[in-house]
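Engineer: Would you mind keeping the following structure in view while I ask a few things?
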Amino acid sequence: MNENITKRNELLAQKVIKGLESRNMTGYYAANQKEALKIALELIPEKSTITMGGCMSAHEIGLVEALKNGDYNFIDRYSYEDPRDAYRQVFDADCYLSSVNAMTEDGVLVNIDGNSNRVSALAFGPKKVIFIVGMNKVCNDTDSAMKRARNVAAPINAQRFGLNTPCSKTGACMDCKSPDTICCQFLITRYSKHEGRIHVILVNDTLGF
Ligand code: SF4
């Protein structure tokens, strides 16, 4: 990572962490992917039951591989014939991994979901939620975070899953109501009722989309 970008990310992350603290959530700054992996593993006790949404960032920092190879009960939805059988176990999990579609400089998290398994788990259920967030996802305010979620994250995800949505063809949100839409639920997390539940690891890197 370029040293000027790193300096900017370090400074911005301090602001984000303060914002998270004001919302009863805990933030961490990782200078690189390796450090992010270390912080995440420190937050997850061995023998924990862990599951996740579609979180590319957790794959990118090597966390999914570490959990699969370690002494953890990792619920892998891709190993189930019907992923809904995995989704139903989510609410009893010790730990849930996710990224955000976008977040604000003052600590508000924005997530969009089609199936809604991810946003429901983020809002309620797993005892601990760990977000892995590349600094590329930090936006100025809630409006710009929503714009990022709908015009960057959602179109890329729609393309990734080969969905028949306008954004798959144009690369931008057309506010569709197509049967394939992945924009069914918008979750804005502005405060956590539960002390110690939400942890956000900000990574000095470009992760996910
Ligand atoms: S509302 Fe439709 S067009 Fe817009 S991002 Fe979501 S799926 Fe794509």
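The values are calculated or read from the model by the stated rules, or taken from the named source; none is laboratory data. Note that the structure is a prediction, hence the values are computed from the model and not measured. As a convention, Cβ positions derive from the backbone with ideal geometry for all residues, glycine included, and neighbour counts pool all protein chains shown.
Engineer: Output the residues belonging to segment 103-123 that are modelled with pLDDT under 95 and surrounded by fewer than 16 Cβ atoms within 10 Å (Cβ to Cβ).
Structural biologist: Within segment 103-123, Asn115, Ser116 meet the criteria.
Engineer: Also: Could you tell me whether Pro126 is assigned to a loop (DSSP other than H, G, I, E, B), within 15 Å of the chain's Cα centre (by Cα), more than 9 Å from the ligand (Cβ to nearest atom) and at pLDDT 95 or above? Can you show your working first?
Structural biologist: Details: assigned to a loop (DSSP other than H, G, I, E, B): yes; within 15 Å of the chain's Cα centre (by Cα): yes; more than 9 Å from the ligand (Cβ to nearest atom): yes; at pLDDT 95 or above: yes.
Spelling it out, Pro126 is indeed assigned to a loop (DSSP other than H, G, I, E, B), within 15 Å of the chain's Cα centre (by Cα), more than 9 Å from the ligand (Cβ to nearest atom) and at pLDDT 95 or above.
Engineer: Mind checking which residues of segment 133-151 are assigned to a helix (DSSP H, G or I) and more than 15 Å from Phe186 (Cβ to Cβ)?
Structural biologist: Just the residues of segment 133-151 that are assigned to a helix (DSSP H, G or I), to begin with: 135-137, 142-151.
The answer is Met135, Asn136, Lys137.
Engineer: Specify the residue that is nearest to the ligand (Cβ to nearest atom); the eligible residues are those in segment 154-178 that are assigned to a helix (DSSP H, G or I) and surrounded by fewer than 22 Cβ atoms within 10 Å (Cβ to Cβ).
Structural biologist: Here the answer is Pro166.
Engineer: Could you list, ordered by first residue, the pairs with Cβ atoms under 6 Å in which the first is in segment 27-42 and of a type in the set (Phe, Trp, Tyr) and the second is assigned to a strand (DSSP E or B), at least 6 apart or interchain?
Structural biologist: Tyr28/Ile201; Tyr29/Leu202
Engineer: Another question, if that's okay. For segment 136-144, check the following and say yes or no: at least one residue is among the small types (Gly, Ala, Ser) and under 19 Å from Arg23 (Cβ atoms). Outline the logic, then answer.
Structural biologist: Applying the first criterion (among the small types (Gly, Ala, Ser)) to segment 136-144 yields 144.
So of that shortlist, the ones also under 19 Å from Arg23 (Cβ atoms) come out as 144.
Checked segment 136-144: at least one residue is among the small types (Gly, Ala, Ser) and under 19 Å from Arg23 (Cβ atoms).
Engineer: In the set Glu46, Glu60, which member is among the acidic types (Asp, Glu) and under 16 Å from the mean Cα position of the chain (by Cα)?
Structural biologist: Exactly one of Glu46, Glu60 is among the acidic types (Asp, Glu) and under 16 Å from the mean Cα position of the chain (by Cα), namely Glu60.
Engineer: So how many residues does segment 122-142 have that are closer than 28 Å to Asn32 by Cβ and small (Gly, Ala, Ser)?
Structural biologist: 1
Engineer: A further question follows. Determine whether segment 190-205 contains at least one residue that is acidic (Asp, Glu), within 24 Å of Gln14 (Cα to Cα) and assigned to a loop (DSSP other than H, G, I, E, B).
Structural biologist: Here is the first cut: in segment 190-205, the residues acidic (Asp, Glu) are 195, 205.
Cutting the leftovers down to within 24 Å of Gln14 (Cα to Cα) gives us 195, 205.
Subsequent filtering for residues that are assigned to a loop (DSSP other than H, G, I, E, B) retains 195, 205.
Among the residues of segment 190-205, at least one is acidic (Asp, Glu), within 24 Å of Gln14 (Cα to Cα) and assigned to a loop (DSSP other than H, G, I, E, B), which makes the answer yes.
Engineer: Something else: Kindly provide the set of residues from segment 134-153 that are within 10 Å of the ligand (Cβ to nearest atom) and either over 21 Å from the mean Cα position of the chain (by Cα) or not small (Gly, Ala, Ser) (or both), ordered by number.
Structural biologist: Arg150, Asn151, Val152
Engineer: Moving on. Please work out which one of (1) more than 22 Å from Ser57 (Cα to Cα); (2) within 15 Å of the chain's Cα centre (by Cα) is the condition Asn117 fails and give its number.
Structural biologist: With (1) more than 22 Å from Ser57 (Cα to Cα); (2) within 15 Å of the chain's Cα centre (by Cα) applied to Asn117, the lone miss is (1).
Engineer: Separate question: Working carefully through the options Thr142, Thr189, Thr181, find the one that is among the β-branched types (Val, Ile, Thr), farther than 19 Å from Cys55 by Cβ and crowded, with 17+ Cβ neighbours inside 10 Å.
Structural biologist: On the way: Thr142 fails: crowded, with 17+ Cβ neighbours inside 10 Å; Thr189 fails: farther than 19 Å from Cys55 by Cβ.
After ruling out the rest, the residue left standing is Thr181.
Engineer: While we're on this one: Using beta carbons and a limit of 9 Å, which pairs, at least six apart or on different chains, have the first residue in segment 8-23 and touching a residue at least 60 places away in the same chain (Cβ under 8 Å) and the second one in a helix (DSSP H, G or I)?
Structural biologist: Partner pairs satisfying both residue conditions: Asn9/Met135; Leu12/Met135; Ala13/Met135; Val16/Met135.
Engineer: Based on this model, can you work out whether Gly27 counts as closer than 19 Å to Asn101 by Cβ and in a strand (DSSP E or B)?
Structural biologist: Yes; evaluated as a whole, the condition is true for this residue.
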